[in-house]
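Notes to accompany the following structure.
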Amino acid sequence: MRKIFTAVLVTALCSSVGYGQTIINRDPEIASMVKEVSADSLRSYINTLVNFGTRNTLSTQTNPKRGIGAARKWVLQKFNEFAANSNGRMTAFIDTVTYHPDGKRVDSTIILGNVVATLKGTDPNDHRIFLISGHLDNMRTNVMDRVNDAPGANDDGSGSAAVIECARVMSKHAFPATIIFVTVSGEEQGLLGAYYMANKAKKEGWDIEAVLNNDIMGSNNSNETNIIDNTRLRVFSEGLPAYETEKQAKRIRALGLENDGKARQLARYVKEIGERYVDNIQVVMIYRNDRFLRGGDHLPYVENGFAAVRITEMNENYNHQHQDVRKENGIQYGDLPEFMDFEYLRKNTAVNLSNLANLAKAPAMPQNVTVEVKKLSNYTNLYWDKPATGKVKGYYILMRETTSAFWQKKIFTTDKKADLPYSKDNYFFAVQSVGEDGNESLPVVPGIAGR
């Protein structure tokens, strides 16, 4: 057993992951899709969105050329164009709900609408869903101003454009699992569209394994500095579960998993896969659910028990966010396309696409992953069962020191157990399913055997 393990470990060390390391084994299909992501396409989407004048959630829904109603009809039109290339796998619609005045940021009854495109998985037994989101609505300095112009190029034209571009490229490909592309409304009014969709998903029992929320991801500098930073991208994630936390607290404390909630595992995955497929980008993990005392559309999913992260630019420019368009003291204010970096947005969109594709092509996660703790040993004994769906060629055992932010080793095995000469006291472990093309599932942290 030890001789076999040593050979497998040496192979794994060649593809170890960690800060500053490069993974070269790219799936050719995913690499090809990444190359299709176009800065020019992203620019055209954002220019069209800006030309709707305002996309405030409270704005007109009857004007064919202006307001949130015209914007969401245009997005639906784009989704339907892409669906024509999907061999019937993609369908799209505007998912609406009536929202009444709430005494906060909605002062009249409105029809709230999320534009949703679903690329149905090819495996009828695979019910997994991977979701990418951006918010279509925007705001001026006054969030209740539904009449005057609000360009919203970066917030969140960038996230919406990323969703649209991923749908364009991925609609031509088939995946075992289902991918949902959605541009939501009501984010600036209180995450209304995201809450509607997340609550619906929870109520109807959707098997959502990952949500990539994109918000403000296309500008390369802050308003405090002229330094251009277009090689780093932030991913925000919650370390502890926000759903049934008290019920899970005993296990979290017993195993020291304060830094290993679903969202944090997804963030590690986003970093590894994004840096594998997209050149000249570093995905920077931020150990917060969102920016300081602020929130985004991934929050409702986290609260409903789904793994969800926020993907956003490295530095925000507040001169071009939530500002009326104007010039004061020689400074141009307003969220205008001229302040975008479309090559940066291309890379950030490709990070999303590569992750969605790798997840949707991979088998489901391994089941019943456990670690043996009954006997005292300097070994770690792991056991697991095959995934519910998908063809596997083997499994990756992930390991890292307890102080490490990232997985440091990936050990490949074709077995459903492993006896590792590393003490379980000194490392964290997880197990991934690996598909025939090398695509990895999300990792599963082991529970305690026999409990």
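Selection within the stretch 411-451: residues that are in contact with a Pro (Cβ under 7 Å, 6 or more places away or on another chain) and among the hydrophobic types (A, V, I, L, M, F, W, C). The member of this set that is farthest from Ala388 (Cα to Cα) is Phe429.
When Arg346 is tested against (1) at pLDDT 95 or above; (2) open to solvent by 40 Å² or more (accessible area, probe 1.4 Å); (3) not in a helix (DSSP H, G or I), only condition (3) is not met. Selection of the stretch 60-104 for residues being farther than 16 Å from Ser185 by Cβ, polar (S, T, N, Q) and open to solvent by 70 Å² or more (accessible area, probe 1.4 Å) yields Gln77, Asn80, Asn85, Asn87, Thr91.
Apart from one condition, Pro443 fits all of (1) open to solvent by 50 Å² or more (accessible area, probe 1.4 Å); (2) closer than 18 Å to Arg251 by Cβ; the exception is (1). In the set (1) over 26 Å from Gly157 (Cα atoms); (2) modelled with pLDDT under 95, the condition left unmet by Arg291 is number (1).
Quick one: is Gly218 on the phi > 0 side of the Ramachandran plot and assigned to a loop (DSSP other than H, G, I, E, B)? Give the derivation first.
Numbers: on the phi > 0 side of the Ramachandran plot: no; assigned to a loop (DSSP other than H, G, I, E, B): yes.
No; evaluated as a whole, the condition is false for this residue.
Is it the case that the stretch 362-369 has a residue that's surrounded by 16 or more Cβ atoms within 10 Å (Cβ to Cβ) and over 22 Å from the mean Cα position of the chain (by Cα)? Within the stretch 362-369 (the criterion being surrounded by 16 or more Cβ atoms within 10 Å (Cβ to Cβ) and over 22 Å from the mean Cα position of the chain (by Cα)), the answer is yes, since at least one residue qualifies. Output the number of the condition that Arg294 fails; it satisfies all remaining conditions of (1) open to solvent by 10 Å² or more (accessible area, probe 1.4 Å); (2) in contact with a Ser or Thr (Cβ under 8 Å, 6 or more places away or on another chain). Single failed check for Arg294: (2). Taken over the stretch 315-334, the residue count meeting the criterion of being touching a residue at least 40 places away in the same chain (Cβ under 8 Å), part of a loop (DSSP other than H, G, I, E, B) and open to solvent by 30 Å² or more (accessible area, probe 1.4 Å) is 5. For the stretch 208-264, a residue qualifies if it is in contact (Cβ under 8 Å) with a residue 12 or more places away in the chain, surrounded by fewer than 18 Cβ atoms within 10 Å (Cβ to Cβ) and hydroxyl-bearing (Ser, Thr, Tyr), and the qualifying residues are Ser222, Thr225, Thr231, Tyr243.
For the stretch 399-434, residues that are under 17 Å from Ala362 (Cβ atoms), open to solvent by less than 50 Å² (accessible area, probe 1.4 Å) and among the β-branched types (Val, Ile, Thr) total 3.
For the stretch 164-196, enumerate the residues that are assigned to a helix (DSSP H, G or I) and either open to solvent by 10 Å² or more (accessible area, probe 1.4 Å) or farther than 21 Å from Ala70 by Cα (or both).
Going through the stretch 164-196, the residues assigned to a helix (DSSP H, G or I) turn out to be 164-170, 192-196.
Residues satisfying the conditions are Cys166, Arg168, Val169, Met170, Leu192, Tyr195, Tyr196.
Inspect all residues belonging to the stretch 422-439 and state whether any of them is of a type in the set (D, E, K, R) and outside any loop (DSSP other than H, G, I, E, B).
Looking for residues that are of a type in the set (D, E, K, R) and outside any loop (DSSP other than H, G, I, E, B), one finds none in the stretch 422-439, hence no.
The values are calculated or read from the model by the stated rules, or taken from the named source; none is laboratory data. Keep in mind that this is a model prediction, so the values were computed, not measured. Cβ coordinates were reconstructed from backbone atoms using ideal geometry, including for glycine residues, and neighbour counts include every protein chain displayed. All accessible areas refer to the heavy atoms of the entire protein, side chains included, with ligands and DNA or RNA removed. Shrake-Rupley method; radii C 1.70, N 1.55, O 1.52, S 1.80 Å.
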